[in-house]
Amino acid sequence: MKQIIFLIFILLNQAFAYEFKLNKKDIEYIDNSSKKSFILNRLDKYQTLKTQVKDYVLIRKLSHINSFINRILPAHDISTSSSIDYWATPKEFLLQGHGDCEDYAIAKYFTLIELDIPKEKLYFAVVDIKGERNAHMVLLYLENKNSIPLVLDNLSSKVIPITKRPKLITKFVFNEIDSYKMQHNKLSQKVNINWGKDDKWNKLLNRVYSLKE
């Protein structure tokens with residue numbers, strides 16, 4: 001029985017494994033783009049970076065990925081998608097060369113998974129910023145569920161503990177496994193997130209894992 005459970009666990013992990021890989025549609029997009037040389041240069045640097053940092057210690061790996069992704073041009077949902085607040089896949093983000101805070105966090109999440117960071121240690125955090133009107137999204141790294149999270153934020157080049165970001169007020173955190181409220185900068189009780197009619201999170205996962213977009 002244990003062997004069957006272990007086999008199911010392996011198969012599920014393989015089904016939800018992530019690899020950044022261009023398909024025919026992506027190549028056609030690049031070939032037809034007026035910014036082809038910029039896209040190819042960005043992708044080349046991205047692949048080189050992943051090779052370079054693969055064996056780095058954790059904090060250096062987090063910092064290099066955070067800094068690289070942060071250099072992608074900021075925007076506020078100016079993609080060609082007709083959907084407002086569209087969540088781009090990592091490939092869309094890197095090919096288009098712009099995105100909003102969610103797109104930065106998503107690209108970092110999947111890049112770090114590809115670099116063997118366990119997905120259960122990475123959480124998206126929806127936060128308020130003191131003095132700002134709009135909600136914001138960052139990526140958190142937690143060594144374990146009782147540790148203080150490290151923040152990867154497109155508004156900061158530094159990966160530092162959330163305790164050193166007092167302006168961030170965390171509303172909730174989530175990943176592919178769980179979702180939580182936070183209290184005193186640590187995970188507290190589990191919560192169910194109501195994504196409403198437009199479930200951007202599960203749509204994104206389907207496009208990444210099933211459709212390979």
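Below 8 Å, C-alpha to C-alpha, sequence gap of six or more: please give me the relative contact order for the stretch 119-177 in percent.
On the way: 108 pairs, mean separation 23.7, N = 59.
RCO, the stretch 119-177: 40 percent.
What's the extension gain from residue 167 to residue 202 if we count 0.36 nm per residue and subtract their Cα-Cα distance? Walk me through the numbers before you get to the answer.
Numbers: separation 35, 0.36 × 35 = 12.60 nm, distance 2.91 nm.
Between residue 167 and residue 202, full extension yields 9.7 nm more.
What ranking do 89-95, 27-33, 167-173 get when scored by the average of other Cβ atoms within 10 Å per residue, highest first? Write out the running numbers ahead of the final one.
Numbers: 89-95: 21.3, 27-33: 12.1, 167-173: 16.9.
The peptides rank, most packed first, as 89-95, 167-173, 27-33.
For the chain, give the percent of accessible area contributed by carbon and sulfur heavy atoms, probe 1.4 Å, rounded to a whole number. Working shown, then result.
Values: 6850 of 12530 Å².
Its accessible area is 55 percent carbon and sulfur atoms.
Which value, in debye to the nearest 20, gives the size of the charge dipole of the stretch 75-213 about its Cα centre, when Lys and Arg are +1 and Asp and Glu are -1 at the Cβ? Could the numbers behind the result be given before it?
Working: 20 positive and 18 negative charges, 107 e Å.
Computed about the Cα centre, the dipole is about 520 debye.
What pairs from 35/186; 25/119; 45/121; 167/200; 21/130 go past 32 Å between their alpha carbons? Present the calculation step by step, with values, prior to reporting the outcome.
Values: 35/186 43 Å; 25/119 27 Å; 45/121 26 Å; 167/200 26 Å; 21/130 39 Å.
Violating the 32 Å limit, Cα to Cα: 35/186; 21/130.
For the ranges 43-55, 188-200, what's the packing order if you count other beta-carbon atoms within 10 Å of each residue, average per peptide, and put the highest first? Before the final figure, lay out each step's value.
Values: 43-55: 13.5, 188-200: 9.8.
Highest-to-lowest ranking by the protection proxy: 43-55, 188-200.
So what's the back-of-envelope 222 nm ellipticity for the chain, counting only DSSP H runs of four-plus at -39500 (n - 2.57) apiece and dividing by all residues, rounded to 500?
Working: 7 runs with 81 residues, N = 213.
It lands at -11500 deg cm²/dmol.
Starting from the Kirkwood Rh over alpha-carbon pairs, what translational D in µm² s⁻¹ does the stretch 63-213 have by Stokes-Einstein at 25 °C and 0.890 mPa s? Provide the component values of the computation, followed by the final result.
Details: Rh = 15.7 Å.
Stokes-Einstein gives a translational diffusion coefficient of 156 µm²/s.
Any idea how far apart residue 45 and residue 178 come out in nm if each label point goes 7 Å out from Cα toward Cβ?
Using points 7 Å along Cα→Cβ, the separation is 3.7 nm.
Leaving out ligands and nucleic acids, note down the accessible area per residue over the chain with a 1.4 angstrom probe, in whole Å². Let's see the in-between values first.
Details: 12530 Å² over 213 residues.
Per residue, the chain has an accessible area of 59 Å².
Mind ranking 135-142, 112-119 by how tightly packed they are, going by the mean number of other C-beta atoms within 10 angstrom, highest first? Walk me through the numbers before you get to the answer.
Working: 135-142: 21.8, 112-119: 16.4.
Descending packing order for the listed peptides: 135-142, 112-119.
Which length gain, in nm to one decimal place, applies between residue 67 and residue 85 when the Cα-Cα distance is subtracted from 0.36 nm times their residue separation?
Details: separation 18, 0.36 × 18 = 6.48 nm, distance 2.33 nm.
Stretched fully, the residue 67-residue 85 segment lengthens by 4.1 nm.
The values are calculated or read from the model by the stated rules, or taken from the named source; none is laboratory data. Just so it is clear, the model here is predicted, and its values are computed rather than measured. Cβ atoms come from the backbone with ideal geometry, glycine included; neighbour counts cover every protein chain shown. Side chains included, ligands, DNA and RNA excluded: accessible areas come from the protein's heavy atoms. Shrake-Rupley method; radii C 1.70, N 1.55, O 1.52, S 1.80 Å.
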